[in-house]
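What follows is a single structure, written as structure tokens, with notes after it.
The values are calculated or read from the model by the stated rules, or taken from the named source; none is laboratory data. Being a predicted model, the structure only gives us computed values, none of them experimental. Cβ placement follows ideal geometry from the backbone for every residue including glycine, while neighbour counts extend to all protein chains displayed.
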Amino acid sequence: MKKTRTYKSDALAALHETMSDLYASGGIDKTTMLEFDESCLTSVQELSAAEIKAIREHEAVSQTVFALYLNVSKESVSQWERGQKKPAGTTLKLLSLVKKKGLASIA
């Protein structure tokens, strides 16, 4: 299964593909490739319960609607907002995108 990556722009996605090919052929080392990844890919950071709630309220949607966009249960959103659980993986990536670009970016 191929890992899905989210790039800051289409131009950076194309440039990253070229750099990946250069890395695969031995043209650049692993450290350089990792540094390049960090500059091209959308960063993901942990979000506090208050931040998650603020993101949802900023988008003016209910927990149920927010959960549908994120493909999780309403209960998961509720638990995140109360600090009982923390989102991880793909869901955390989606939340980071919504925080930066709005809910329409994942619609």
Go through region 70-86 residue by residue and tally those that are free of Cβ contacts under 8 Å to residues at least 12 places away in the same chain and more than 19 Å from the chain's Cα centre (by Cα).
4
Conditions (1) outside any helix (DSSP H, G or I); (2) surrounded by 10 or more Cβ atoms within 10 Å (Cβ to Cβ); (3) of a type in the set (S, T, N, Q); number of the one not met by Ser39
(1)
What pairs come up if the first residue lies in region 50-69 and is farther than 12 Å from Leu95 by Cα and of a type outside the set (Asp, Glu), the second is surrounded by 14 or more Cβ atoms within 10 Å (Cβ to Cβ) and at pLDDT 95 or above, and their beta carbons are under 6 Å apart, counting only those six or more places apart or on different chains?
Gln63/Lys74; Gln63/Val77; Gln63/Ser78; Thr64/Lys74
Condition first: exposed (fewer than 14 other Cβ atoms within 10 Å of the Cβ) and more than 18 Å from the chain's Cα centre (by Cα). Can you find one or more residues in region 87-98 that meet it?
no
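Quick check on region 86-103. Is at least one of its residues in a helix (DSSP H, G or I), over 23 Å from Lys8 (Cα atoms), among the β-branched types (Val, Ile, Thr) and outside the structural domain of Ala14 (by TED's automatic domain parsing)?
Start the filter on region 86-103 by keeping residues that are in a helix (DSSP H, G or I), which leaves 89-101, 103.
Subsequent filtering for residues that are over 23 Å from Lys8 (Cα atoms) retains none.
For region 86-103, residues in a helix (DSSP H, G or I), over 23 Å from Lys8 (Cα atoms), among the β-branched types (Val, Ile, Thr) and outside the structural domain of Ala14 (by TED's automatic domain parsing): absent.
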For Leu34, state whether it is surrounded by 12 or more Cβ atoms within 10 Å (Cβ to Cβ) and either assigned to a helix (DSSP H, G or I) or of a type outside the set (A, V, I, L, M) (or both).
no
Surrounded by 16 or more Cβ atoms within 10 Å (Cβ to Cβ) and basic (Lys, Arg) - does that describe any residue in region 45-67?
yes
On the basis of being modelled with pLDDT of 90 or more, more than 22 Å from Ala104 (Cβ to Cβ) and assigned to a helix (DSSP H, G or I), does Ser20 make the cut?
no
